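Chemist: Mind looking over this structure? Questions follow.
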Amino acid sequence: MNSRKQGNDFEKLAANFLKTQGMTILKLNFYCKMGEVDIIAKDEEYLVFVEVKYRKSSAKGSGFEAVNFNKMRKISRVADYYMFSHHYSGDTNVRFDVVVIEEGHLKHLKNAFEYIPVC
């Protein structure tokens with residue numbers, strides 16, 4: 001199985017899990033020139049940007065560790081663009097979550113990181 005197909009399958013698995021937690025999925029794999037966000041969802045009053053990471057094992061580090069500063073900054077830029085292009089106001093409540101699928105277990109970390117401003 002190619003890695004993009006496998007990634008899509010894990011992102012769908014994560015999206016289905018988030019639905020069971022009461023979230024509404026707005027978009028899977030949102031792409032723009034700034035990058036990509038795996039899942040965009042609504043959780044009550046929050047607009048949530050979700051990064052999904054898969055690890056067969058934790059031997060090379062956890063999936064949470066893979067979401068480093070550069071990845072957080074990129075996701076923040078994509079969030080800016082999504083909100084601008086979909087006419088969300090600047091006072092919209094935003095949250096950044098990470099879902100890790102590792103060794104057969106799914107872990108959801110709400111509010112995994114704070115928004116990283118442009119400057």
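Values quoted throughout were computed directly from the atomic coordinates according to the rules given, and no laboratory measurement underlies them. Given the structure is predicted, the values throughout are model-derived calculations rather than measurements. In this analysis, Cβ positions are derived from the backbone assuming ideal geometry, glycine residues included, and neighbour counts consider all displayed protein chains.
Chemist: Tell me which of G104, T20, H86 sits at the most positive position along the dipole axis of the chain, charges placed on C-beta atoms (Lys, Arg +1; Asp, Glu -1).
Modeler: Result: G104.
Chemist: Determine the distance separating the Cα centre of segment 58-89 from the Cα centre of segment 38-57; give it in Å without decimals.
Modeler: The two parts, judged by their Cα centres, are 10 Å apart.
Chemist: Relative contact order (percent) for the chain, with alpha-carbon contacts under 8 angstrom and 6 or more residues of separation?
Modeler: Relative contact order comes out at 24 percent.
Chemist: Can you tell me what share of the DSSP beta bridges in the chain is antiparallel? A percent to the nearest 5 is fine.
Modeler: Taking every DSSP beta bridge within the chain, about 65 percent pair in antiparallel fashion.
Chemist: I116 to N16: extension gain in nm, 0.36 nm per residue of separation minus the Cα-Cα distance?
Modeler: Full extension from I116 to N16 adds 33.2 nm.
Chemist: List the pair-distance distribution P(r) of segment 64-112, using every Cα-Cα distance, as the percent of pairs falling in each 10 Å bin from 0 up to the bin containing the longest distance, rounded to whole percents.
Modeler: Distribution as computed: 22, 45, 26, 7 percent.
Chemist: Mind checking the dipole of the chain: about its Cα centre, +1 per Lys or Arg Cβ, -1 per Asp or Glu Cβ, Debye to the nearest 20?
Modeler: Here the chain has a charge dipole of around 460 debye.
Chemist: Report the dimensions of the chain along its three principal axes from the alpha-carbon atoms, largest first, rounded to Å.
Modeler: Reported extents, whole Å, longest axis first: 40, 32, 25.
Chemist: Also, quick follow-up: Can you tell me the order of 66-74, 35-43 when each peptide is scored by its average per-residue count of other Cβ atoms within 10 angstrom, highest first?
Modeler: The packing order, highest mean first, is 35-43, 66-74.
Chemist: Oh, and also: What is the distance, in nm, between label points placed 7 Å from the Cα along the Cα-to-Cβ direction at F84 and at Y31?
Modeler: Once both label points are built, they end up 2.0 nm from each other.
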